[in-house]
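Every number here is computed from the coordinates shown, using simple stated rules; none is lab data. Predicted, not measured: the structure shown is a model, and the values here were computed from it. So basically every Cβ, Gly included, is an ideal-geometry build from the backbone, and we count neighbours across all protein chains shown.
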Amino acid sequence: MRRAVRDPAELCRLLDLPEKVGREGGNSTAGFPLFVPYPFLGRMRQGDVNDPLLRQVLPIADELESPPGFAIDPVGDGEAMLRPGLIKKYRRRALLITTGACAVHCRYCFRRHFAYSDAPRSVDDWQPALTAIESDRSIDEVILSGGDPLTLVDDSLAALVHRLAKMPHVRRLRVHTRLPIMIPQRVTDELLAWLCGTKLKPIVVVHANHAAEIDDAVAASFVKMIDAGIVVLNQAVLLRGVNDSVDALEQLSLRLVDLRVMPYYLHQLDRVAGAAHFEVPITTGKRLITELRDRLPGYAVPRYVQEIAGEASKRILA
Ligand SMILES: *Cc1c(COP(=O)(O)O)cnc(C)c1O
Ligand code: SF4
C-alpha cells in the first residue's frame with residue numbers, strides 16, 4: 001500500500017497513456033484522490049484509456065457533474081449508525097466499519113463522502129460497538145467492513161475477532177474486502193489463522209467487477225481461502241464502460257465459478273454524488289441478467305440488487 005500510485009501523471013506514464021488523460025480529473029480528486037496498488041495496475045492494458053480496470057480508478061472530469069438524485073449518503077448509513085462504526089440495517093447482521101482505509105479508491109464508491117473520522121481507529125475505539133453487539137442477542141453475524149478491514153494489521157483483527165467469538169449469540173464472521181483482488185499477497189497464513197481460528201464460521205465477500213481483475217495470483221488467494229474452509233462470494237457493481245455487457249458479466253461469472261467462488265450480488269450503482277457517469281439504467285441491468293440466465297448455470301447468475309435506504313433488505317431487481 002505504501003508503494004501504491006497516487007499521482008495521475010505517474011499512472012499515465014506507467015500505462016503509456018497521454019499526459020492529458022491524467023490531468024483531466026485533477027479537480028475531481030478533492031477529498032478522494034487517486035490510489036491504485038501495483039498488482040492491480042499490472043493487470044491493465046497498456047495504452048488503453050477505456051481499459052475496464054483503469055476506468056474504476058481514474059478520476060475524470062465527469063465526476064464534477066452531480067445530477068439531481070445523486071447524494072452524499074445515498075444509502076442512509078448515517079441514520080443506521082447505532083454506535084460509532086456500527087451499522088445495523090438488517091436483521092441478524094451487524095456491520096462494523098473497522099477503518100476508513102482501502103487498498104484502492106474506486107471512483108464509484110458510495111462511501112467516498114463517508115465521515116470516516118467517526119469510524120473507530122483502534123481496538124479500544126471498537127469498545128462501544130462491541131458492547132452494543134454483546135447486548136443484542138438478535139445479532140448472529142458480524143460483518144467487518146469499511147473501508148477495507150484487511151488494511152488493518154492481523155494483530156488488531158485477531159484481537160477483535162477473539163472478542164466477537166466470546167459472545168455466545170454470534171455464530172458467523174463475514175469480511176467484505178477488495179484486498180484479495182487488489183493485493184492478493186495479503187492473504188497470508190496469519191490472516192487465515194484469525195479468520196478460521198475461532199468458533200465463528202468464516203465468509204469472505206470479495207469485490208471483482210471484471211474477469212481481467214482475476215489473474216493467477218488472485219486465483220491463488222481464492223484457492224488458499226477456500227481450501228482453508230472459508231465460503232468465498234463475490235459482489236460486483238454494474239458499471240457503465242466496465243461490465244455493462246452480457247459478455248463481460250458472463251466472463252466474470254465463469255472465471256469466478258471455475259475458481260469455486262460464487263457470484264453473490266450484482267449491485268445497481270448507489271446514487272452517490274460524483275458517480276453519475278457510471279450509472280446503467282435498471283431496465284438494461286434486468287435485460288443483462290435475463291440474457292445471462294440463458295447462458296449460464298443458475299448458480300453462476302448473481303442476484304441483481306439495489307440498496308434502498310430504510311428497507312429491511314436489499315431489493316432484488318432480477
Ligand atoms: C448489504 C448490507 C448488509 C448485508 O446484507 P446481505 O444481503 O446479507 O448481504 C448488512 N448490513 C448493511 C448495512 C448492508 O449494507
Ligand atoms: S474497496 Fe470498496 S469501500 Fe473501498 S473504495 Fe473500493 S468500493 Fe469503496
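Need the full-extension length gain, Ser245 to Met1, defined as separation in residues times 0.36 nm minus the C-alpha distance. One decimal, nm. It would help to have the intermediate numbers written out before the result.
On the way: separation 244, 0.36 × 244 = 87.84 nm, distance 3.16 nm.
That works out to 84.7 nm of additional length.
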Original post:
Taking the mean number of other Cβ atoms within 10 Å as a proxy for protection, how do you rank 135-147, 85-97, 284-296 from highest to lowest?
Top reply: 85-97, 135-147, 284-296
Original post:
With no solvent and one point on each alpha carbon, what is the Debye value of log10 I(q)/I(0) for the range 1-116 at q = 0.14, 0.15, 0.19 Å⁻¹?
Top reply: -0.68, -0.75, -1.02
Original post:
What's the Cα-based Rg to Rh of the range 166-242, Rh via Kirkwood?
Top reply: 1.02
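Rounded to the nearest 0.05, what FRET efficiency do Thr131 and Arg260 give with R0 = 45 Å and r taken as the Cβ-Cβ distance? Could you check?
About 0.75, to the nearest 0.05.
So between Asp16 and Glu65, what do we pick up on full extension, going 0.36 nm a residue minus the alpha carbon distance?
14.9 nm
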Original post:
What whole number of Å gives the distance from the Cα centroid of the range 144-188 to the Cα centroid of the range 294-316?
Top reply: 24 Å
Subject >> Whole-number D in µm²/s for the range 103-241 (Stokes-Einstein; Kirkwood sum over Cα pairs; 20 °C, 1.002 mPa s) >> reply: 134 µm²/s
Subject >> Residue pairs, from the table Lys166/Lys201; Lys224/Lys314; Lys286/Lys314; Lys88/Lys201, whose Cα atoms sit over 22 Å apart >> reply: Lys224/Lys314
Subject >> For Val237, distant residues with modelled amide H under 5 Å away >> reply: His267
Original post:
How many percent of the alpha carbon pairs in the chain exceed a separation of 34 Å?
Top reply: 19 percent
**OP:** In vacuum, with every alpha carbon of the range 6-60 counted as one equal point scatterer, what does the Debye formula give for log10 I(q)/I(0) at q = 0.21 Å⁻¹? Two decimals, please.
**Re:** -0.69
Original post:
Ranking Met1, Met81, Met44 by Cβ neighbours within 10 Å, fewest first, what do you get?
Top reply: Met1, Met81, Met44
**OP:** For the range 162-306, build the convex hull from the C-alpha positions and give me its volume per residue in Å³.
**Re:** 129 Å³
Subject >> Positive minus negative residues near Glu134 (Lys, Arg vs Asp, Glu; Cβ under 11 Å) >> reply: +2
